[in-house]
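A.B. asks: This is the structure I want to talk about, given as C-alpha cells.
The values are calculated or read from the model by the stated rules, or taken from the named source; none is laboratory data. On a predicted model such as this, the values are computed, not experimentally measured, just so you know. Glycine also receives a Cβ, built like all others from the backbone with ideal geometry; neighbour counts cover every protein chain displayed. SASA here: full protein model, heavy atoms, side chains in, ligands and nucleic acids out. Shrake-Rupley method; radii C 1.70, N 1.55, O 1.52, S 1.80 Å.
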Amino acid sequence: QVQLVESGGGLVQPGESLRLSCAASGIIFSIYAMGWYRQAPGKQRELVATITRGGSTNYADSVKGRFTISRTNTNNTVYLQMNNLKPEDTAVYYCNAVKSAYTYWGQGTQVTVSS
C-alpha cells in the first residue's frame, strides 16, 4: 500500500519559515518524481515545486527564491523549505509522487501565514 505522509505545517507569521516533510512508503522512492502542490480555499490546486529522480527542480514563479525542494532517497523523504512566508502562501500543501501512469497524493498539511 502506497502512503505519502506530510508533516511540518502550522501557523506562522509573515516572514517566518517552515519546513515540510513527506515520507513515502510502498513505492521505490528513488525512481519517482516528487512534487509539492497547494490548494487555498476557493482556489484550484496548483504546483509549488517538483524534483525529478535525478534532482532537477522546478518552481512556481510565486515561490522562486523563497522555497527549496529537496529529497533524500535513503529515507524516502521529500522536503519543502519555505522561507519568507507570505499570507498568500496560506493553503493546504500536498505531496505528490509520479512515475509513468502512476500518481499518488498525500493527505495534505495546513500552512497558515498570518499576523
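A.B. asks: In debye, nearest 20, what is the charge dipole magnitude of the chain about its Cα centre with +1 on Lys and Arg Cβ and -1 on Asp and Glu Cβ, if you could check?
C.D. replies: Dipole of the chain, to the nearest 20 debye: 220 debye.
A.B. asks: For the pair TRP105/GLN44, report the inter-label distance in nm, with labels modelled 7 Å from Cα in the Cβ direction.
C.D. replies: 1.3
A.B. asks: Quick one: net charge around GLU6, please, counting Lys, Arg +1 and Asp, Glu -1 for every other residue with C-beta under 13 Å from its C-beta.
C.D. replies: Here the count lands on +2.
A.B. asks: Within a Cβ distance under 14 Å of SER114, other residues only, what is the Lys/Arg minus Asp/Glu net charge?
C.D. replies: Local charge sum for SER114: -2.
A.B. asks: With unit charges on the beta carbon (Lys/Arg positive, Asp/Glu negative), name the residue among LEU18, THR52, TYR94 whose Cα is farthest towards the positive pole of the charge dipole of the stretch 9-105.
C.D. replies: THR52
A.B. asks: Considering only protein heavy atoms and a 1.4 Å probe, what is the carbon-and-sulfur percentage of the accessible area of the stretch 2-104?
C.D. replies: 48
A.B. asks: Would you kindly state how much longer the chain becomes between GLN81 and ALA60 on full extension, computed as 0.36 nm times their sequence separation minus their alpha carbon distance, in nm to one decimal?
C.D. replies: Taking GLN81 through ALA60 to full extension adds about 6.2 nm, to one decimal.
A.B. asks: Determine the sum of side-chain charges near TYR32: Lys and Arg each +1, Asp and Glu each -1, restricted to other residues whose C-beta is under 12 angstrom from that of TYR32.
C.D. replies: Values: positive: ARG53, ARG71, LYS99; negative: none.
With Lys, Arg at +1 and Asp, Glu at -1, the neighbours total +3.
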